[in-house]
Amino acid sequence: MDKTLESEKNNKKGCSNPKGMLRTAKGPFSYMYPMIAKQLIADYNINEGLGLDVGCGPGLLGIELVKRSNLNMISIDISEEMCEIAQNVVLEKGLEERLTILNADVENLPFKEKKFNYIVSRGSFIFWEDKVKAFQELYRVLTPGGIALIGGGDGRIWPKKPGDIIKKIRFNTITKLKMKLFPGGIKYNFSNDYWRKVLEDAGINNYNFLKHSFWIEFKKNINA
C-alpha cells in the first residue's frame, strides 16, 4: 500500500491525541479561530442559517461562528473522545442551544440532502481516507446557493493583539519553511491539480482556490 494512503487509513479514527489538540487549539492556534470566523462572516455575509463544521476538533471554530452571528451550528468529528472534549467546551461557553456536537464521519454524513447553508472544515481534509466520497457528501448536504470552505492554515485577517500577531507570523513562517524544505512530507502541499481532480471526480465544478494559506471554496448552484 502507498505510504500516504496507509498513513491516512491509520488516521481514520481521528486525532490520536485529543487532549494535546485541545492544548494546541487554545495555545499557539488560538488566534486562528476568531480570525477565520470573522473572515467567513465578512466574505459571505453570514448572519443566519445552519452551518456545519467538519472535523471540528475541540469545536472552537464553530463556537466563534456562533458567537459572531445568528448562525446555528452542528460540529462533527470522527473521534468520540474529541467530541466529548468539544461538548465540554461548548457547555463552558453556554452555547449548547445553538451548537450541537456529533460523532460522525464526513464520508457518511448522517444528514438529509440540502440541509446546511454553510460548511467549513479547517485542518481535517488531509485525513479523509476517501476524499472524493467526502466532497460528494459535503456537496449533497449543502443547500442550493450554499457555500463551503475546506482547507488548512489560517485566514488572511490579522489579529490586533501583539501576542496573537506573533503567533500568526510564527505559524505562517514555520509552515512555509516546512513546505519548502519537505514538499513531499506536508500533506497540505498537494498540488492544485490534485485537488482539482478530487473535486471534479466528486461532481463539483463551481470551485476556487483561495490565495491565502490553502483553502478550497465551492458553491452549490441555486438550481441544483
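Values as computed for the structure displayed
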quantity	calculated
Estimated dipole of the stretch 24-219 in Debye, rounded to 20 [Cβ of Lys and Arg +1, of Asp and Glu -1, Cα centre]	1040 debye
Whole-Å semi-axes of the chain's equivalent ellipsoid (Cα gyration tensor)	23, 23, 19
Leading residue at positive end of dipole, the chain (Cβ point charges), from CYS15, SER213, ILE126	SER213
ASN17-LYS176 pseudo-label distance in nm [points 7 Å out on the Cα-to-Cβ vector]	2.7 nm
Cβ crowding within 10 Å averaged over residues, with 20-26, 143-149 ranked highest first	143-149, 20-26
In sequence order, calculated HN-Hα J values of the stretch 67-83 (Karplus, 6.51, -1.76, 1.60; Hz; x Gly/Pro)	5, 9, 8, 9, 4, 9, 10, 10, 10, 10, 8, 6, 8, 4, 5, 5, 5
Residue pairs, from the table LYS114/LYS197; LYS114/LYS220; LYS19/LYS160; LYS93/LYS167; LYS26/LYS168, whose Cα atoms sit over 20 Å apart	LYS114/LYS197; LYS19/LYS160; LYS93/LYS167
Calculated [θ] (222 nm, deg cm²/dmol) that DSSP helices of n ≥ 4 give over the chain, each run adding -39,500 (n - 2.57)	-13000 deg cm²/dmol
The stretch 121-224: projected area of the alpha-carbon convex hull, averaged over directions, in nm²	7.3 nm²
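Quick note: the coordinates plus some simple rules give every number you see, no bench work behind them. Quantities reported herein were computed from a predicted structural model and do not represent experimental measurements. Here Cβ is always computed from backbone atoms with ideal geometry, including for glycine, and neighbour counts include all displayed protein chains.
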